[in-house]
Amino acid sequence: MRSHRLALFVLLNAGVIGFVGQVPVAAQPPAGAARSGRRPAAVRSPQILADHRVTFQLRAPKATEVVVAGQWPNGRAPMTKDANEVWTVTAGPIPAGVWEYSFQVDGVQMIDPGNPAIKPMREPRTSILHIPGEPPLPHDFQNVPHGTVRQHTYLSKSLGRLRELVVYTPPGYDKQTDARFPTLYLQHGMGDNQATWVVHGKAHWILDNLIAQGKAQPLVVVMMDGHASIAQGMAGFQNNTTAFERDLIEDVMPFVEANYRVKTDAADRAIAGLSMGGGQSLTIGLNHLDRFAWVAGFSSAVPAREVIAGFLNDSAVANAKLKLLWIGIGKDDFLLKQNETFIATLKEKNIRHEWHLTDGSHSWPVWRLYLADLAPKLFQ
């Protein structure tokens, strides 16, 4: 199995959102500018102002309507074209946080070409705006010891093709050559990929901050590409989980345990994920309590009862082997009813669990906080 390791800054350059977005970006000249000798106006987007208002710009000379659509409250704002054929709007103030946004140009959604911070996705279509908090939010960069993020390409023998994964190691990992660490397998949702939890979710900074505060145990985090199958529909969804499970157990776990200093018993392994990745984590974790003693789902596409029947039908074994079953979802999430049904089943079966019904919808601002809540409870 081959791997290629990249320096942390290579993977994370797109994550330094609040700063790189303010660097002037080379722009295409407007029509006729070269012929007339006019110097095109600089396009800078986004520009974060001191009062948390943000200016967005886009050069689109032939467009008839341009709108910025952001994830923050009241995030949709029409833009106005100036004499230099640059569309501009100043929005906000925008609350501190990590937000997704895009431009809609005559109805077509696109990223902000002036902003290199792009959310990792199978079909990238949103840019990232990061406004740090004061005091810092759990996912903000802080002046604490930092871990390392490595990217690997590996040959999945179970799936018969090259795949990608990302691994976080905690601060001091490379110096503590005799130490072994617990492992969290952390999954993204549908449409995202193995880099999303770092570049957009800021999982590495969340863990760095919690470890520095003494709130979380130093741990290794493995983030895989959750799209293991290309089949469509509900049957395809289950086939994807089955293929993902094979890849995880037959290829990724042996690779991680051969190349990283990690503990290999169930008490030192956790699996968690959001949305599609939450469904994968619950399905795999609850069917493999011999491998995972810590299982969590964020806004999960919960598995059907028959998929985890063995777990549900033996509560004594479940309660004996599980150290934590953590379930969280926002009140405005479209998967709320499924999760409430799942919680009712757990109560019916007398299976111990933590249930977190919070504010929020099916979105990353919710899931970052869930990771910050879950991590201190793992491996204690």
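Only the coordinates and a few stated rules stand behind these numbers; no lab work does. Please read all numbers here as calculations on a predicted model, not as lab measurements. Virtual Cβ from ideal backbone geometry, glycine too; neighbours counted across all protein chains shown.
Going from the fewest other Cβ atoms within 10 Å to the most, the residues 134, 123, 100 appear in the order 123, 134, 100.
3J(HN,Hα) couplings calculated from phi for the range 178-192 with the Karplus curve 6.51 cos²θ - 1.76 cosθ + 1.60 (θ = phi - 60°) are, in sequence order, 9, 8, 10, 10, x, 10, 10, 8, 10, 10, 8, x, 4, x, 8 Hz; Gly and Pro show x.
Of the trypsin sites (Lys or Arg not before Pro) found in the range 36-102, those that fall in a DSSP loop while having at most 16 other beta-carbon atoms within 10 Å are 38, 53, 62.
Applying a DSSP loop filter and a limit of 10 other Cβ atoms within 10 Å to the trypsin sites (Lys or Arg not before Pro) in the range 149-250 leaves 175. Coupling constants for the range 307-312 follow from the phi torsions by the Karplus curve (6.51 cos²θ - 1.76 cosθ + 1.60, θ = phi - 60°), and in residue order they are 6, 10, 4, x, 5, 5 Hz; glycine and proline get x.
Here the label points at residue 89 and residue 229, each 7 Å from Cα along the C-beta direction, are separated by 4.1 nm in the simple model. Each label point was placed 7 Å from the Cα along the Cα-to-Cβ direction; for residue 76 and residue 306 their separation is 4.1 nm.
With the simple spin-label model, which puts each label point 7 Å out from Cα in the Cβ direction, the residue 121 to residue 361 separation comes to 1.4 nm.
Taking amide H atoms as placed 1.01 Å from N in the peptide plane, the amide H of residue 354 lies under 5 Å from those of 325, 326, 327, each 5 or more residues away in sequence or on another chain. For the range 288-380, which chymotrypsin sites (Phe, Trp or Tyr not before Pro) are both in a DSSP coil and crowded by at most 16 other Cβ atoms within 10 Å? For chymotrypsin sites (Phe, Trp or Tyr not before Pro) across the range 288-380 that sit outside H, G, I, E and B with at most 16 neighbouring Cβ atoms in 10 Å, the list reads 334.
Within a 10 angstrom radius of the beta carbon, how do 253, 276 rank from fewest other beta carbons to most? Present the calculation step by step, with values, prior to reporting the outcome.
Details: 253 18, 276 23.
So the ranking, lowest neighbour count to highest, is 253, 276.
Stretched out fully, how many nm does the piece from residue 64 to residue 265 gain, at 0.36 nm a residue minus the Cα gap? Once the chain is fully extended between residue 64 and residue 265, it gains 66.4 nm. Helix 364-374 axis versus longest C-alpha principal axis of the chain: approximately 40°, rounded to the nearest ten.
Each principal axis of the chain carries a Cα extent, and these read 78, 47, 45 Å when sorted largest first.
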